[in-house]
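Chemist: Here's a structure for you.
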Amino acid sequence: MTEESLKAVPLVDIDDCGIFKYVLIKIFGHETGEGKEPSTTVVRGYADCTWHADIYERVQEIVKKDHLDTECLGGGRIEHNPDKKYIKIYGYSQGFGKADHLESKRILQTKYKDYEIEASDEGY
């Protein structure tokens with residue numbers, strides 16, 4: 001059940017446009033009989049969330065229904081411009097620290113294959 005639940009979690013869920021906070025989250029199940037702990041890493045970003053913690057708590061509530069656990073790996077900001085097919089990942093979270101923006105870029109590319117995606121350590 002855990003592996004099916006993990007596979008059902010979308011890797012990317014961000015708002016359609018704008019500048020907003022995002023978090024990089026590891027979602028994991030319980031150890032399998034082989035001693036492995038299945039996991040996946042996802043990107044979430046929503047303009048209606050004031051704080052990075054608001055995004056993280058939203059995801060926690062959703063995945064715990066499938067008996068999955070989470071770990072926040074950091075945060076930042078996303079600028080999403082669908083007209084230009086452009087996403088910029090930058091900044092950090094004061095509460096969770098800076099996410100690995102290159103990892104976030106790799107995950108975003110799974111959904112936005114035809115976008116230019118830029119990752120930067122500049123800005124807040």
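Chemist: Looking at (1) aliphatic (A, V, I, L, M); (2) over 29 Å from THR2 (Cβ atoms); (3) in contact (Cβ under 8 Å) with a residue 40 or more places away in the chain, which one does VAL23 not meet, given that it meets all the others?
Modeler: Just one mismatch for VAL23, condition (2).
Chemist: In the range 88-111, what residues are crowded, with 18+ Cβ neighbours inside 10 Å and in contact with a helix residue (DSSP H, G or I) (Cβ under 6 Å, 6 or more places away or on another chain)?
Modeler: ILE89, SER93, PHE96, listed by residue number.
Chemist: Would you point out which residue out of ASP48, ASP114 is out of contact with any Ser or Thr (no Cβ under 8 Å at 6 or more places or on another chain), open to solvent by 30 Å² or more (accessible area, probe 1.4 Å), within 14 Å of ASP15 (Cβ to Cβ) and in a loop (DSSP other than H, G, I, E, B)? Reasoning before the result, please.
Modeler: Values: ASP114 fails: within 14 Å of ASP15 (Cβ to Cβ).
From the options ASP48, ASP114, the qualifying one is ASP48.
Chemist: Which count do you get for residues in the range 59-107 that are in contact with a Gly (Cβ under 8 Å, 6 or more places away or on another chain) and among the hydrophobic types (A, V, I, L, M, F, W, C)?
Modeler: 5
Chemist: Any residue in the range 101-123 that's within 13 Å of ARG77 (Cα to Cα) and among the small types (Gly, Ala, Ser): show its pairings with residues that are open to solvent by 100 Å² or more (accessible area, probe 1.4 Å) and assigned to a helix (DSSP H, G or I) at Cβ separation under 6 Å, as long as the two are six or more apart or on different chains.
Modeler: ALA119/LEU102
Chemist: Does any residue in the range 52-80 that is part of a helix (DSSP H, G or I) come within less than 6 Å, Cβ to Cβ, of a residue that is aliphatic (A, V, I, L, M) and at pLDDT 95 or above six or more places away or on a different chain, and which pairs are these?
Modeler: Within 6 Å, the pairs are HIS52/VAL23; ILE55/VAL23; TYR56/VAL23; VAL59/ILE25; VAL63/ILE27.
Chemist: Something else now. Read through the list (1) surrounded by 19 or more Cβ atoms within 10 Å (Cβ to Cβ); (2) on the phi < 0 side of the Ramachandran plot; (3) touching a Phe, Trp or Tyr at 6+ places or on another chain (Cβ under 8 Å), then give the number of the only condition that VAL63 fails.
Modeler: Every listed condition holds for VAL63 apart from (3).
Chemist: Checking LEU68 against (1) over 15 Å from the mean Cα position of the chain (by Cα); (2) open to solvent by 20 Å² or more (accessible area, probe 1.4 Å), which test does it fail?
Modeler: The one condition LEU68 does not meet is (2).
Chemist: In the range 20-39, how many residues are buried (at least 18 other Cβ atoms within 10 Å of the Cβ) and at pLDDT 95 or above?
Modeler: 6
Chemist: Something else now. Please determine, by comparing only the residues of the range 7-19 that are at pLDDT 90 or above and outside any strand (DSSP E or B), which one is least open to solvent (accessible area, probe 1.4 Å).
Modeler: Taking the range 7-19 as the starting set, the residues that turn out to be at pLDDT 90 or above are 8-19.
This time we only want the ones that are outside any strand (DSSP E or B), so: 8-11, 15-17.
Details: ALA8: 78, VAL9: 23, PRO10: 75, LEU11: 65, ASP15: 44, ASP16: 119, CYS17: 82 Å².
Taking the candidates together, the pick is VAL9.
The values are calculated or read from the model by the stated rules, or taken from the named source; none is laboratory data. It should be emphasised that the depicted structure is a prediction, and the values quoted were computed from it without experimental measurement. Heads up, the Cβs are rebuilt from the backbone with ideal geometry, glycines too, and the neighbour counts pull from every protein chain shown. When the accessible area is computed, the model is the full protein with side chains, heavy atoms only, and any ligands, DNA or RNA have been set aside. Shrake-Rupley method; radii C 1.70, N 1.55, O 1.52, S 1.80 Å.
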